[in-house]
Amino acid sequence: MNEATTPQTQAGFASSTANMNGMSDQARDAADRVANGAMEFSRDAAQHYVKEPAQDLFALAKAYAKDHPDVAACWAFGLGVMVGWKLKP
């Protein structure tokens, strides 16, 4: 009796495995779409929130250094002394 039910059980198991694989493929496709959307959103956010303000700050610093070279030189010297002091062995 066990031998007679075993092929049916294996056939039922195979069909349920196929259904699970179909569901996992759908889930994988949905996860890929969500991941790609999140990647595009994060790339846009990084472009806007990180790169552009950093460029703006460097542009402002360069413009200030052109207008006030003596103050910029003092700041550079002071920062160099502080960093050098902290990095000395």
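The values are calculated or read from the model by the stated rules, or taken from the named source; none is laboratory data. Being a predicted model, the structure only gives us computed values, none of them experimental. Methodologically, a virtual Cβ is constructed for each residue, glycine included, from the backbone with ideal geometry; neighbour enumeration extends over all protein chains shown. What goes into the accessible areas is simple: the full protein's heavy atoms, side chains included, and nothing from ligands, DNA or RNA. Shrake-Rupley method; radii C 1.70, N 1.55, O 1.52, S 1.80 Å.
Looking only at region 66-82, how many residues end up being within 34 Å of the chain's Cα centre (by Cα) and either touching a residue at least 40 places away in the same chain (Cβ under 8 Å) or open to solvent by 80 Å² or more (accessible area, probe 1.4 Å) (or both)?
Of all residues in region 66-82, those within 34 Å of the chain's Cα centre (by Cα) come to 76, 79-80, 82.
Going one step further and asking which of them are either touching a residue at least 40 places away in the same chain (Cβ under 8 Å) or open to solvent by 80 Å² or more (accessible area, probe 1.4 Å) (or both), we end up with 79, 82.
Summing the residues that are within 34 Å of the chain's Cα centre (by Cα) and either touching a residue at least 40 places away in the same chain (Cβ under 8 Å) or open to solvent by 80 Å² or more (accessible area, probe 1.4 Å) (or both) in region 66-82 gives 2.
Suppose we filter region 21-51 for residues that are modelled with pLDDT of 80 or more and more than 14 Å from the chain's Cα centre (by Cα); how many remain?
Looking only at that region, the number is 10.
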